[in-house]
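Below is one structure, written out as structure tokens; the observations come after it.
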């Protein structure tokens with residue numbers, strides 16, 4: 001099954017990574033780029049790290065999108081820098097506990113995240129999927145999955161929303177924030193997050209068509 005990145009129904013999403021509180025629409029989004037049918041936006045935070053928003057309209061269906069998230073075995077084919085995505089538990093039909101590892105450029109260590117995910121189908125037919133690392137269900141896995149070879153991503157908050165525009169076209173929006181921890185400077189982290197979101201959405205569009 002497949003959830004940074006992402007982004008159980010497994011979550012990966014990485015995506016890289018991967019905002020829930022987020023779900024409150026930020027006051028202002030700054031446009032970053034519009035390339036390959038993907039629109040990127042950012043919002044500054046007091047920490048110096050950015051929240052990101054990615055948006056696209058793609059060929060596909062909501063069921064195909066959900067199937068893509070479930071296919072964790074092939075998550076690395078579309079979630080940028082995803083090395084491993086594993087569903088550890090499924091507390092209910094709509095809840096998932098997922099472990100994701102992302103590669104990092106030398107000399108940085110790989111990052112990993114342990115997330116709780118929950119999805120719901122809305123009455124209007126749209127699909128929403130929330131990802132966070134702030135949940136009591138994760139406590140039993142924290143030490144079990146701790147590794148000296150990776151650095152744990154903190155404060156993961158991500159939100160997917162997918163709407164059907166036609167029988168063969170969907171609108172996809174992703175909002176996310178995460179703290180990769182470690183010594184990497186904020187300017188480098190922010191640059192990598194935007195690049196990862198762009199690559200993930202381009203790959204996702206290709207997989208959905």
Label 7 Å along Cα→Cβ of residue 89; the range 129-164 residues with amide nitrogen under 18 Å?
-> 131-146
Ascending count of other beta-carbon atoms within 10 Å, so fewest first, for 204, 113, 192 = 192, 204, 113
With no solvent and one point per C-alpha, what does the Debye sum give as log10 I(q)/I(0) for the range 101-168 at q = 0.16, 0.17, 0.24 Å⁻¹?
-> -0.69, -0.74, -1.03
Given that just one value was derived from the coordinates, which of (i) 20.1, 61; (ii) 18.6, 60; (iii) 15.5, 48 is Rg and Dmax of the Cα atoms in Å?
-> (iii)
Given the range 111-208 reduced to its alpha-carbon atoms as identical point scatterers, what log10 I(q)/I(0) does the Debye formula return at q = 0.12, 0.13, 0.22 Å⁻¹?
-> -0.52, -0.60, -1.24
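Arrange the following residues from fewest to most other Cβ atoms within 10 Å of their Cβ: 47, 76.
47, 76
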Arranged by the count of other C-beta atoms within 10 angstrom, fewest first, what order do 117, 92 take?
-> 92, 117
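Each reported figure results from applying straightforward, stated rules to the coordinates on display, with no laboratory input. No experiment lies behind these values; they were computed from the predicted model shown. Because the Cβ atoms are built from the backbone with ideal geometry, glycine has one as well, and the counts that use them run over all protein chains shown.
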